[in-house]
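Structure first, then comments.
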Amino acid sequence: MKAAFCGNDNASAYDISAGVLKNVCFVDALNLVPHVFLLFITFPILFIGWGSQSSKVQIHHNTWLHFPGHNLRWILTFTLLFVHVCEIAEGIVSDANMKSRHLHLFLPAMMGFVAATTAIVYYHNIETSNFPKLLLALFLYWIMAFVTKTIKLVRYCEDGVPFSQLRFCITGIMVILYGLLMAVEINVIRVRRYVFFMNPQKVKPPEDLQDLGVRFLQPFVNLLSKATYWWMNTLIISAHKKPIDLKAIGKLPIAMRALTNYVCLKEAYEEQKKKVANQPNKIPSIWLAMYRAFGRPILLSSTFRYLADLLGFAGPLCISGIVESFQNDTNTTGKTSTSYLSSQDFLKNAYVLAVLLFLALILQRTFLQASYYVTIETGINLRGALLAMIYNKILRLSTSNLSMGEMTLGQINNLVAIETNQLMWFLFLCPNLWAMPVQIIMGVILLYNLLRVSALVGAAVIVLLAPIQYFIATKLAEAQKSTLDYSTERLKKTNEILKGIKLLKLYAWEHIFCTSVEETRTKELISLKTFALYTSLSIFMNAAIPIAAVLATFVTYEYQNEATLQPYQAFASLSLFHILVTPLFLLSTVVRFAVKAVISVQKLNEFLISDEIGDDSWRSAESSVTYESCKKHTGLVTINRKQPLRHQLDSYEQPPRRQPRPFETDDIAIKVTNGYFSWGSGLATLSNINIRIPTGQMTMIVGQVGCGKSSLLLAILGEMQTLEGKVHWNNINETDPSCEATRSRNRYSVAYAAQKPWLLNATVEENIIFGSPFNKQRYKAVTDACSLQPDIDLLPFGDQTEIGERGINLSGGQRQRICVARALYQNTNIIVLDDPFSALDIHLSDHLMQEGILKFLQEDKRTLILVTHKLQYLPHADWIIAMKDGYVLREGTLKDIQTKDVELYEHWKTLMNRQDQELEKDMETDQTTLERKTLRRAMYPRESKAQLEDEDEEEEEEEDDDDNMSTVMRLRTKMPWRTCWRYLTSGGFFLLFLMIFSKLLKHSVIVAIDYWLARWTSMENKTGDSTDLNRESKSYHVAVFSMLCGAGIVLCLVTSLTVEWMGLTAAKNLHHNLLNKIILGPIRFFDTTPLGLILNRFSADTNIIDQHIPPTLESLTRSTLLCLSAIGMISYATPWFLVALVPLGIAFYFIQKYFRVASKDLQELDDSTQLPLLCHFSETAEGLTTIRAFRHEARFKQHMLELTDTNNIAYLFLSAANRWLEVRTDYLGACIVLTAAVTSITYRSDSGLLGLGLLYALTITNYLNWVVRNLADLEVQMGAVKKVNSFLTMESENYEGTMDPSQVPKDWPQEGEIKIEDLCVRYENNLKPVLKHVKAYIKPGQKVGICGRTGSGKSSLSLAFFRMVDIFDGKIVIDGIDICKLPLHTLRSRLSIILQDPILFSGSIRFNLDPECKCTDDRLWEALEIAQLKNMVKSLPGGLDAVVTEGGENFSVGQRQLFCLARAFVRKSSILIMDEATASIDMATENILQKVVMTAFVDRTVVTIAHRVSQILDGDIVLVLSEGVLAECDSASNLLLKEDGLFTTLVKTNK
């Protein structure tokens, strides 16, 4: 066919006799002019002359969009492009109906499309490079296009073209669009005074874009980049080169920061408060406040959601249209010479429908992702605001609330970790609530339209089965809760085992405790089975309901209607059922979350209206101001960006301070008059308090335990409720300008050290400085005064060592000294120390008193209030307050009390004498050395060996950074297939085979169902009307269809069950192997591996293996198989599709490859930023009094806001990365639909198969992104399996000996004779020996002492008796048997040991003495009597069955050590080893212990490892070790005769 612009079949086409504009072809040619003009002008500018014109304003990002009407222009341009596509399609379809080719019908439209695309690219470049003069070209283009299109429209009106003709409508819409775009352009030029004006208006870019740290650009980029997340490309691709860290994701934009959102929510909440202020029993509504603050974005998101849902119905409609047009295609229309086409004719064209389907899919997916993104962003903003609100409330909570248990720390942690997240999730799912009903109603209407009454049967099936889904969902939640309870119990037991592992090994009790953990694990597994069952039922319902609905519908249709089922009806309704099922399933989830959200809001409400502490104005003048004044502070109306955020928060939170009153006397710092204070119960805890605290002097508060000393301090600090009376604070030297030093101190801040030490999860230095400026000299003076330097030297990184959460890795005394150091370091006038000596031994107390208090503080002339029980320090006090039962007994100097209250003074004197006697005993026990020893033990092994966790290949690679970077990246992009295989096989090969087989079978059956439907509808279509034949084939088809559907439903259940079952078996086996491997591991492993690391394997990693991997695996296999079966089906229908699949496949491969790496990094960032935030909340709640006394609320708020923002930005990037992936896979899916439709239509396949191919192509769009998301999740989750596996490769101790247990005599060792022959010992093969060639002989029944300096090998020798260390040369022979030949269990079960740290396990006293249940009660009572515990145990409820709490916390250290002695006695062994057993106990207990050893163990061999030489002076024989060598060996008396002997020096230094 020849091509000509106006066509060859009409002679009058080039006739212009009636006037140029009367010729339609000429008007079309005229329409080409503006497009050509624009392309002619813009192409050179776009491609050549861009670089020379740079922006006048220096901004970091090229995303600054500042022309007015920016978004409107993009929307109009997109609409214009869509109309152009319609115009091109209309032209081509019209042209196809003509006898010759008419280029004028579609060529101008094509040029228009190119020009519109160029216009938006050109505009974008002008805007981002800020060169507005070039807008002139666009302005001219819009005018010309508007004029030429108007001419065309007028021409059609004159020709009387009816409105029903498509071309007339398109031209009309075009005129409107060009007119609007022209108006937008005029507006830009007018408002900004560009192009024709001399002085254009100057604009500054927003603050966020000037800040190099802001990398989250979603709010600032253009509409196209917003919709496709194009700006994320750089980050996601860069993740391949180097891992994403916090620096890479930068800061949050101002509008999304927690503070901004907090101010919004706070204002909305205050409004609600005002509304209910007059109604006492109504509480302010958080719902309304949240709606006020975040309602608009939710409405926007819902709008997007509605648009997406309505566009979703384009799929089924287009399928039905394409298949129908395909069926009716036989009677094609003849060629005509008229070029007009009606809308109906246009929409009957299959190609047009295919393109429309493609565009509808692209739009639907874009709107859906936009809706998700907006809700997630709003949810994150809401969470940030709520966290800030909760935190501010915590800082103002009244202390009585926390101490009286109305608000426990647990509740506060739940609010932060659970309730805020519940609300955030509810917000994510919110749009579903109102989008679902619309979707369901629309679906049912369309179904009814297609299939009439039978459609309602199918819909009824879905609706009736939906409640079951809800029931399953609630059961799932219950099962999860009970699983959680069991796993908590299991963790508690595991934790105990790991803490006492040394004792368990020494006593050969591992198997008993291991069994106990296994029992709890069995219960947990039963609960997990229930969980798995409900999970698989839920998955089954998901898959089976649509099959059941389709079966019911089609069978009803066949038997109820005379007409046969047409392919277009079948496949459109199938597609509609798929759409319908989704909202009904989501409904159960949404309802559940809505219920949870309501409960969360109730809890939040209770918390926000709970009691607050009184106003702070007492510190600037007077006390007891009512709570009301707290509320009446002025709100911030505008946010001043110039000020740092911290100041804004302060000004927003704090009430205006009162002016201080002139004070009567200047030498009193604090004065309390007629004070009655209560802990919120209304009853006065402190009554009739009248005291004064002199300025610049030391005041001591003394009294018995529980007489109200600490309460008095807290009352002064304003933490208690004032019933009556006043606390006056004098603002010292405020008027005297000469006192510079004093003025520089913070007047309102008080340095306070609480009785219970409170530490931050930060470095030692940060804990001491506590936000003050660092002054080296002062810091050194303080650490010396608190004798912290030796402790700091022990820490691996000195004072830069992070102290674990709540200072766990330090002893009580060390923690207390850090808290005192913090108080001393602060530059405040007043220092309050609450019993700082309680956890310190006498040496440290004296040193602290001398150096810290008397020297450091008195020199500075600071006011000190000190609560203490150590009366020997009373002479140092300038002023003494004696308390008794909540009132002040006496107040004055020591002299006053001596003269006025002789009785009290005498009482103190007797107490002092008693304390002095205790001191003498104490002088011998040096607690501090012990604490340091413990610290050294805890700290050093951890560095010595690289952590086991990091044996992952990545870490090893990263050391040689530059050369191996590529290898690292290769490892990061590779799926851990080997780990996956290990996981799958640990579930057993049979289950693995069953899972794979049933999965493949299920998907084959599902494909078969749809294929049969295609065959059935196509066949019925072709058969004639012979009714008998028809009825027979109908029954046959229905029967096969029903059977296939039934098989499909059964297989759905089988597959979901097998996956869950396999996951459970794998979890069971992995945990079992891990527990056994760890329990049988060598003791060195526990010394070098931090406890937390091992516990992590049993908690977080086991939880992932138990509950997260099976559903991910199920989802991954299901979506992958669905996509593969869909591709197979389409290829079967149209083989040409495979050609188009190649480029799509390549694109998909790269998308998933890049996404997986970035997603893993962002997931880790999100997890790692969550913990510090939760810790900060619990830390604050614990240290409230300290923070408030120091007046550091603002600093802590600021820190909380920073932590919240860091966590939120990580989460935002993670969700943006998910959107990035989904948009791309959805667009790929749309391309698959388009290629499938076009190839099917072109290559004329069967109408049933065509419908089938399109239906499957549509499902691909839903499942492609799930494949990638699940792959990424599985990759992260497999990390847990990898970590568990890394422990499984560890070597166990060699439990088998060369002797058979039966060869060992029952009562061995009977005598207790020990020969040590040339013994060499080391901890591991690759380490140096710790004992070298030790020779000794111990006779039966001898009492042996072993001594030596720290690190001389004493403890190693005791461990050698139990083969806890590697004996690589020499031997130990006990009663004639070489211990290396014995099975380990036999050896360890026959010897007894008492360790330095007394360890008790939770359970009963009986269980602690005899876990093997071998002994009679009499034996146990005898042991308790020997240990002098009998009376104490008898007084306990339950006697021997009395409860021992975790770690034996309900007994004192001394009592615990005596229990250990009783435990050693119960085991009637002839050899007892005491490893520094008296190190951590007081003198009295030590004396008992020594006496028992001398009497009860008189006939046994006792080996004592002594940390004080005095203990072993009366032993039969003493072994003195030095650096692993036996230096001296003789009786103590003989050794002391050697004047220069090692033993003699040890005795002298220890005295």
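What do you get for the angle between helix 776-785 and the principal long axis of the chain? Use alpha-carbon atoms, 0 to 90 degrees, nearest ten.
Orientation of helix 776-785: about 50 degrees from the principal axis.
More than 27 angstrom separation, counting every C-alpha pair in the stretch 364-513; what % is that?
The calculated P(r) of the stretch 364-513 puts 60 percent of pairs beyond 27 Å.
What's the angle, to the nearest 10 degrees (0 to 90), between helix 1027-1079's Cα axis and the longest principal axis of the chain?
That works out to roughly 20 degrees.
When Rg is the radius of gyration of the Cα atoms in the stretch 542-589 and Rh is its Kirkwood radius, what does Rg/Rh come to?
Working: Rg = 12.3 Å, Rh = 11.7 Å.
Rg/Rh: 1.05.
State log₁₀ I(q)/I(0) for the stretch 1098-1138 at q = 0.33 Å⁻¹ as given by the Debye formula over alpha-carbon point scatterers of equal weight, solvent excluded.
Evaluating at q = 0.33 Å⁻¹ gives log10 I(q)/I(0) of -0.95.
Using only the Cα atoms, work out Rg/Rh for the stretch 143-202, with Rh taken as the Kirkwood radius, to two decimals.
Radius of gyration relative to Kirkwood radius: 1.22.
In the stretch 1237-1360, what is the volume of the convex hull around the alpha carbon atoms, normalised per residue and reported in Å³?
Per residue, the Cα convex hull of the stretch 1237-1360 comes to 297 Å³.
For the stretch 104-181, just run the numbers: alpha carbon Rg, then divide by 2.2 N^0.38 Å, N being how many residues it has.
So the Cα radius of gyration is 1.28 times the expected 2.2 N^0.38 Å.
Give the percent of DSSP beta bridges with both residues in the chain that are antiparallel, rounded to the nearest 5.
If we restrict to bridges inside the chain, about 55 percent are antiparallel.
Across the Cα atoms of the stretch 1166-1261, what radius of gyration and what greatest pairwise Cα-Cα distance (Dmax) are found, in Å?
Reported Rg and Dmax, both Å: 26.8, 83.
Counting only helical runs of four or more DSSP H residues, what would the 222 nm mean residue ellipticity of the chain come to if each run contributes -39,500 (n - 2.57) and the total is spread over all its residues?
One gets -20500 deg cm²/dmol as the mean residue ellipticity at 222 nm.
Over the chain, with every protein chain in place, what whole percent of the accessible area is carbon and sulfur at 1.4 Å, could you tell me?
59
Could you calculate, for the stretch 1244-1294, the ratio of the Cα radius of gyration to the Kirkwood radius, expressed as Rg to Rh?
Rg/Rh for the stretch 1244-1294 comes to 1.49.
What number results when the radius of gyration of the chain, computed over Cα atoms, is divided by 2.2 N^0.38 Å? Walk me through the numbers before you get to the answer.
On the way: Rg = 41.5 Å, N = 1551, 2.2 N^0.38 = 35.9 Å.
In units of the globular-protein estimate, the chain measures up at 1.16.
For the stretch 777-912, what log10 I(q)/I(0) values come out of the Debye formula at q = 0.10, 0.20, 0.21 1/Å, with one point per alpha carbon and no solvent?
Taken in order of the listed q values, log10 I(q)/I(0) reads -0.40, -1.22, -1.31.
What are the semi-axes of the equivalent ellipsoid of the stretch 1018-1156, taken as the square roots of 5 times the eigenvalues of the Cα gyration tensor, listed largest first and rounded to whole Å?
52, 24, 8
Can you compute the radius of gyration and Dmax for the stretch 472-600, using only the Cα atoms, both in Å?
Answer for the stretch 472-600, Rg first and Dmax second: 25.1, 86 Å.
In whole Å, what are the extents of the stretch 1-47 along the principal axes defined by its C-alpha atoms, from largest to smallest?
Result for the stretch 1-47: principal-axis Cα extents of 43, 29, 9 Å.
Could you give me the radius of gyration and the Dmax of the stretch 55-187, taking only the C-alpha atoms into account and expressing both in angstrom?
In order Rg, Dmax, the Cα atoms of the stretch 55-187 give 17.2, 61 Å.
For the cross-link pairs K493/K1077; K1335/K1414; K1343/K1548; K1077/K1332; K1339/K1381; K1068/K1381, which exceed 26 Å when the distance is taken from alpha carbon to alpha carbon?
Over 26 Å Cα-Cα: K1335/K1414; K1077/K1332; K1068/K1381.
For the stretch 1372-1416, how big is the tail of P(r) above 17 Å, as a whole percent of Cα pairs?
Percent of Cα pairs beyond 17 Å in the stretch 1372-1416: 52.
Starting from the exponent 0.38 and prefactor 2.2 Å, build the expected Rg for the stretch 189-245 from its residue count and divide its actual Cα Rg by it. Don't skip to the end; give the middle numbers.
Numbers: Rg = 16.8 Å, N = 57, 2.2 N^0.38 = 10.2 Å.
Here the Cα radius of gyration is 1.64 times the empirical estimate.
May I ask for log10 I(q)/I(0) of the stretch 573-615 at q = 0.20 Å⁻¹, from a Debye sum over the Cα atoms as equal point scatterers with solvent left out?
-0.71
Between the helical axis of 961-973 and the dominant principal axis of the chain, each derived from Cα atoms, what acute angle in degrees is found, rounded to the nearest 10?
The answer is roughly 60 degrees.
I need the P(r) histogram for the stretch 1104-1171: all alpha carbon pairs, bin width 5 Å from 0 out to the longest distance, whole percents.
3, 13, 12, 18, 19, 12, 9, 6, 4, 2, 1
If you take all C-alpha pairs in the stretch 840-917, what percent of them are over 15 Å apart?
Details: 1872 of 3003 pairs.
Tail fraction, whole percent: 62.
The values are calculated or read from the model by the stated rules, or taken from the named source; none is laboratory data. Small disclaimer: the values here were computed from a predicted structure and weren't measured. Note: areas computed on protein heavy atoms with side chains; ligands, DNA, RNA excluded. Shrake-Rupley method; radii C 1.70, N 1.55, O 1.52, S 1.80 Å.
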